[in-house]
Amino acid sequence: MDVIEVRKQFPILDQNVNGKPLVYLDSAATSQKPLKVIEALDDYYRRYNSNVHRGVHTLGTLATDGYEGAREKVRSFVNAKSTEEIIFTRGTTTAINLVASSYGRSTVTEGDEIVITPMEHHSNIIPWQQVAKVTGATLKYLPLQADGSISLDDVENTITDKTKIVAVMQVSNVLGVINPVKEIAAIAHKHGAIMVVDGAQSAPHMKIDVQDIDCDFFAFSGHKMGGPTGIGVLYGKKALLNQMEPIEFGGEMIDFVGLQESTWKELPWKFEGGTPIIAGAIGLGAAIDFLEEVGLDAIANHEHDLAQYAVERMSEIEGMTIYGPKERAGLVTFNIDDVHPHDVATVLDAEGIAVRAGHHCAQPLMKWLEVSATARASFYLYNTKDEIDVLVNGLIKTKEYFGDVFR
């Protein structure tokens, strides 16, 4: 993969911030957008902006073709069996909430178990807390190893015949842990449970095959993979989606409406009430085209190299704590002794370096780490080792600055 050529496709990277060349290391929060996506959105709004499915005029047909064509691109991207299994949502959060509110509340009963991990993003904790509260089910947590990873022995010991739902992120947005979701799914199915995978941090960075994982649901967002904000995907096995009821009602998702009763459209449209996210879906389709042109394996290898290099360089700094396992996805979460993460991010921003600081929507994990917050540098296909060197120099300057302040 030619990173220099890739970077040319991201116009936002060619600018100065606070008088310094921008070093964008916050792609786990949201990625930058390639020209292919920007141009696809511009083309839709300039040339064939129209609603989908309802009209027979030319613009409506073009918009419908673009929208449903994007659905086929997503199907291929995750290797689903059918486009009926691909539901467009506002993002990962909405997708997981759909599963929890529709499948979870109708299936889970008092005495059942829902199993998740302490490393989950809040959007894969709170929906299950609510299901447990409403149904009387028990919410159980898989224990973490010292480095934040999951042991399959612990999975075997935690999931029981009472477990109805197992919900696990494939890649941690804090630790960079890559969880063995395929093996966890097999254990869940052995006990009659279904497997929900939060793919927000995996779909942008590695090949996804939902049939190989054998997950029952898989959720991800477009904005973390070069696509627009406000668009996401829920993959679900057709048999499960067919038995689920919609949670949003109105136009687009109906078949027949009477004065007292209504019926729903077939999959996938029964879950897409109202005017759908047309431009977002078309933009997501363009992002998928771009990622596949570059190659997901090449992206994964590039990010692995960046993460290993970053850990090596950052470990040279005295007082640096790096969280997570040795083998990790493309991010590094860290703290510097006696310097608050927000102060770290502020000083780095003055150097043109964008990192994230805070609890990263993972407060239970922060408690497990025994910290209130951390700083995080996250990488994508457009980042380089030179940028990591700039980061390390910025961290050294941060440490020296606060050392002088408190001296």
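For the chain, the longest principal axis of the C-alpha atoms and the axis of helix 35-47 are separated by about 40°.
Going by the alpha-carbon gyration tensor, a ≥ b ≥ c the square roots of its eigenvalues, is the range 141-216 rounded (a/c under 1.5) or, if a/c is not under 1.5, prolate (a/b greater than b/c) versus oblate?
Values: a/c = 2.18, a/b = 1.20, b/c = 1.81.
Oblate is the answer for the range 141-216, as a/c is 1.5 or above yet b/c matches or exceeds a/b.
Applying both filters, DSSP loop and at most 11 other Cβ atoms within 10 Å, to the GluC sites (Glu not before Pro) of the range 101-145 gives GLU110.
Between MET169, MET320, MET195, the GNM of the chain built on Cα springs shorter than 10 angstrom shows MET320 fluctuating the most.
Give the peptides 364-372, 37-45, 179-187 in descending order of average Cβ contacts within 10 Å, highest first.
For the peptides 364-372, 37-45, 179-187, the packing ranking is 179-187, 37-45, 364-372.
GNM remark for the chain: springs join alpha carbons under 10 Å apart, and the peak mean-square fluctuation among HIS122, HIS57, HIS223 falls on HIS57. Relative contact order, whole percent, for the chain stands at 23, derived from Cα pairs under 8 Å and 6 or more residues apart.
Cut-off under 25 Å on the C-alpha distance; same-chain residues fewer than 8 positions from LYS397 excluded. Which lysines are left, in chain and number order? Partners within reach: LYS20, LYS385. Applying Stokes-Einstein at 25 °C and 0.890 mPa s to the Kirkwood radius of the chain, computed over alpha-carbon pairs, gives a translational diffusion coefficient of 110 µm² s⁻¹.
Short-range pairs are left out: with C-alpha atoms under 8 Å and at least six residues apart, the relative contact order of the range 118-217 is 25 percent. The aspartates and glutamates whose alpha-carbon is closer than 19 Å to the alpha-carbon of LYS33, local same-chain residues fewer than 8 away aside, are ASP2, GLU5, ASP14, ASP42, ASP43, ASP289, GLU292, GLU293, GLU303, GLU387.
Working from Cα pairs under 8 Å separated by at least six residues, relative contact order for the range 138-276 is 15 percent. Taken as Cα centroids, the range 48-70 and the range 25-47 sit 20 Å apart, rounded to the nearest whole angstrom.
Charges only on Cβ, +1 for Lys and Arg, -1 for Asp and Glu: so what's the dipole of the chain about the Cα centre, in debye to the nearest 20? Once rounded to the nearest 20, the dipole reads 720 debye. In this structure, the amide hydrogen of ILE254, modeled 1.01 Å from its nitrogen in the peptide plane, lies closer than 5 angstrom to those of LYS265, counting only residues at least 5 positions away or on a different chain.
In the chain, helices alone account for a calculated mean residue ellipticity at 222 nm of -11500 deg cm²/dmol, with every DSSP H run of four or more residues adding -39,500 (n - 2.57). Does the range 344-407 come out rounded, prolate or oblate, given a ≥ b ≥ c as the square roots of the eigenvalues of its C-alpha gyration tensor, rounded meaning a/c under 1.5 and, failing that, prolate meaning a/b above b/c? Note, shape of the range 344-407 comes out oblate. For the listed residue pairs LYS207/LYS326; LYS73/LYS238; LYS190/LYS326, the alpha carbons are over 23 angstrom apart in LYS190/LYS326. Protection proxy ranking for 92-99, 48-55, 305-312, using the average of other Cβ atoms within 10 Å per residue and placing the highest first: 92-99, 305-312, 48-55.
Phi-derived couplings, Karplus 6.51 cos²θ - 1.76 cosθ + 1.60 at θ = phi - 60°, listed residue by residue for the range 4-21: 4, 5, 4, 4, 5, 7, 10, x, 5, 6, 8, 7, 9, 10, 6, x, 10, x Hz, with x used for Gly and Pro.
FYI, it's all coordinate maths here, none of it is from the lab. Everything numeric here is computed off the predicted structure, so don't read it as measured data. Neighbour counts are summed over all protein chains in view; Cβ atoms, including those assigned to glycine, are modelled from backbone coordinates with ideal geometry.
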